[in-house]
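The next block holds one structure in the form of structure tokens; read it before the comments.
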Amino acid sequence: MLNRRLLRTKAVQALYARKLTADANRLLALDQIEEAFAPDLNSMEFQDKQKLTNNKHLAGAALDELIKSGELKENEEFNSDVIKVANSAYKAYKRQTEADGEKMVRRVLNETESIYVDFIRVLSMLLELAYQAKLDRERKYDDPEAPFSKNGGLNTNRVIMVLQEDKTLAEEIIRNGINWSNDMNMIRKTYREALRKDATYEEYCNKTEHTPEEDQLLVQYILRQVILKHEVPLEFLEQRDLYWVDHSELIRGLAIKTLKSGDSAETFALSPLTKDWEEDRFFVEELFKLVIEESDQYDAYLDEQLKNWELDRIALVDMIILKTALAELIHFPGIPVKVTINEFIEIAKRYSTPKSGKFINGVLDVLSVKLAAQGIIRKSGRGLIDNK
């Protein structure tokens, strides 16, 4: 089942991607300013290159002020041309950055939903391997150099037969566009090089009869040790999902839970990705939106706490993690303070520098107490207990 840590991670990833696109958009805005104050080589009039260069630098400074505060303070150096060009460049920057931000959130949410597709794909891969086992057992002549028992096979496994007969799974495979026609070489190679050479599977095939417990243990074993571990299927899955390392644990959990229900058609059920996708979507979107809207306020909280640090040397990921944690601490009263801090410590350990976990812990521990004392962080229900 989808967990909140992965959702928090997705919010952090979207914010990080937005920051990178914002920096790129700033460079494009500066290019726009440079073009506006470039000498007109086709003009017969005198071109004051020094003035144009000066205006270009002033417009760049004005742009950075607009990006930081959203408005320009009175400045005698800013003439009408500088203000006009800076405002035009800022509007283009803001429009593109907002569009990019929306795109980043949609992307991470789509990535999250695609976890379910990969979960169905893994189950479908089990069925394809079973079909290869069926073909192998139907061959009239064995390979003398690689004899293999035909007493049993994955296609005779009770759990596999339940999966094969389940209409819901068949519909999900079709609905999610899972088709192996272009990837049969990978399936065959997985069967030949991974499954057929596996000692546990070979031992299973040597027996004619198997207990339900043996069938269940085998499909779970193949999932864990073959599909999710052998280099052939693993490389295939990693190429389809850039965040496979993040998603694989959840996919394995969904698949194992589903297989455990497959002792009979009556008990079989596909595990859902989440209990409430709309609530999960809101959680990611709200964290993202709050960090963008209240970034300046969070900067103020952090500036006081980090006054002995050189802010430009703090990792960008760490700053984003701190701000996302503040958004959750302040705006989600039902989530305990300790839960929020511990979750973002783990995210920092995984996605930032080796020392980031300790850094995030130290900052949030002190800042959460201070903001709670000021009434900025207010917890209710379970959150109130852990806020002491």
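The values are calculated or read from the model by the stated rules, or taken from the named source; none is laboratory data. Quick caveat: nothing in here was measured; it's all calculated off a predicted structure. Backbone-built Cβ (ideal geometry, glycine too); neighbour counts: all protein chains shown.
Of everything in the stretch 81-110, what is under 11 Å from residue 63 (Cβ atoms), of a type outside the set (A, V, I, L, M, F, W, C) and out of contact with any Leu (no Cβ under 8 Å at 6 or more places or on another chain)? Give them in sequence order.
Passing the criteria: 88, 91, 94.
Please tell me if residue 232 is in the same structural domain as residue 136 (by TED's automatic domain parsing), surrounded by 15 or more Cβ atoms within 10 Å (Cβ to Cβ) and within 22 Å of residue 249 (Cβ to Cβ).
In short, yes.
Just need a number here: residues in the stretch 84-109 that are within 12 Å of residue 67 (Cα to Cα) and aliphatic (A, V, I, L, M).
Number of matching residues: 3.
Of these, 181, 149, 114, which one is among the small types (Gly, Ala, Ser), touching an Asp or Glu at 6+ places or on another chain (Cβ under 9 Å) and either outside any helix (DSSP H, G or I) or not assigned by TED's automatic domain parsing to the domain that holds residue 255 (or both)?
Selected residue: 149, the only one of 181, 149, 114 that is among the small types (Gly, Ala, Ser), touching an Asp or Glu at 6+ places or on another chain (Cβ under 9 Å) and either outside any helix (DSSP H, G or I) or not assigned by TED's automatic domain parsing to the domain that holds residue 255 (or both).
Residue 74 versus (1) exposed (fewer than 12 other Cβ atoms within 10 Å of the Cβ); (2) within 30 Å of residue 259 (Cβ to Cβ): which is the lone unmet condition?
Condition (2) is where residue 74 drops out.
Can you confirm whether residue 121 is assigned by TED's automatic domain parsing to the domain that holds residue 193 and within 22 Å of residue 204 (Cβ to Cβ)?
No.
Any residue at all in the stretch 97-110 that's among the acidic types (Asp, Glu), in contact (Cβ under 8 Å) with a residue 60 or more places away in the chain and surrounded by 14 or more Cβ atoms within 10 Å (Cβ to Cβ)?
Yes, there is a match, as at least one residue in the stretch 97-110 is among the acidic types (Asp, Glu), in contact (Cβ under 8 Å) with a residue 60 or more places away in the chain and surrounded by 14 or more Cβ atoms within 10 Å (Cβ to Cβ).
Would you mind telling me which numbered condition in (1) in contact with a helix residue (DSSP H, G or I) (Cβ under 6 Å, 6 or more places away or on another chain); (2) closer than 29 Å to residue 251 by Cα residue 55 fails?
(2)
Would you mind finding the one in 141, 93 that is on the phi < 0 side of the Ramachandran plot, among the aromatic types (Phe, Trp, Tyr) and in a helix (DSSP H, G or I)?
Of 141, 93, the one residue that is on the phi < 0 side of the Ramachandran plot, among the aromatic types (Phe, Trp, Tyr) and in a helix (DSSP H, G or I) is 93.
Residues that are over 24 Å from the mean Cα position of the chain (by Cα), small (Gly, Ala, Ser) and at pLDDT 95 or above: find the helices (runs of 4 or more DSSP H) completely inside the stretch 306-385 holding 1 or more of those.
By residue number, 356-373.
Could you tell me whether any residue of the stretch 350-367 is within 25 Å of residue 114 (Cβ to Cβ), small (Gly, Ala, Ser) and touching a helix residue (DSSP H, G or I) at 6+ places or on another chain (Cβ under 7 Å)?
The answer is yes; a qualifying residue exists.
In the stretch 267-298, how many residues are part of a helix (DSSP H, G or I), more than 17 Å from residue 247 (Cα to Cα) and among the charged types (D, E, K, R)?
Total satisfying the criteria: 7.
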